[in-house]
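Peer 1: Structure provided below as structure tokens; questions to follow.
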Amino acid sequence: MLRNRFLSVTATSLLVSLGAAAPAVSEPPAATITVTSPAADSVHPVNSSLFVGWRNDTGQEVDVWLAQDDGSGGTRRLFRLASKASSKPTSELVTAVPPAPDGTDYTVEVTARDTGVRGYSAPFEVGPVPAAGPVVGTSTDSGSGAGSGAAGAQGPSPSWFQTQDGHSPR
């Protein structure tokens, strides 16, 4: 009986000393969110499709916001574009540009729901597409229009699944 007690005391002290001598596990690198689209200096009319892409190593669902420069070096959120979006490492979504005033100081903010880790897109413009460029979601067919049903269709389409030249993104 005395022998068993001696072994348990010895084993306990050995485990305690090994635990203290074990190297510390390093902390994982700080989690980040990187917004990869929309592209810098792109132009997005109200009600047109806006493709948002991001990389997220937080493992958490995110909220996606349309934000604008507040004039003092920060941003202010204007519209929530998506709530509880994917927690996958690489994600994207398509949404419609909300009714925002024309301007060149917009950005998309993607924020992790639990930790508040956030990332911002490059600045882009909300407003009319320059005359030389195509309008997102409209047809560029300038044929006779006979039987096409799209003749004379102008301006942005509120249809979320159309992209430039009226083709589906998939």
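Bear in mind these aren't lab numbers, they're just calculated from the coordinates by the rules spelled out. What you are looking at is a predicted structure, and each value in this text was computed from that prediction instead of being measured. All Cβ positions, even for glycine, are placed from backbone atoms using ideal geometry, and neighbour counts span all protein chains on display.
Peer 1: Short version: ³J(HN,Hα) in whole Hz for each residue of the range 108-120, in order, from phi by Karplus 6.51 cos²θ - 1.76 cosθ + 1.60 (θ = phi - 60°), x for Gly and Pro, what are they?
Peer 2: 9, 10, 10, 10, 5, 5, 8, 9, x, 4, 9, x, 10
Peer 1: Within 10 Å, count the other beta carbons around each residue, average over each peptide in 54-62, 110-118, 85-93, and list them highest first.
Peer 2: Details: 54-62: 18.9, 110-118: 16.7, 85-93: 14.9.
So the order, starting with the most tightly packed, is 54-62, 110-118, 85-93.
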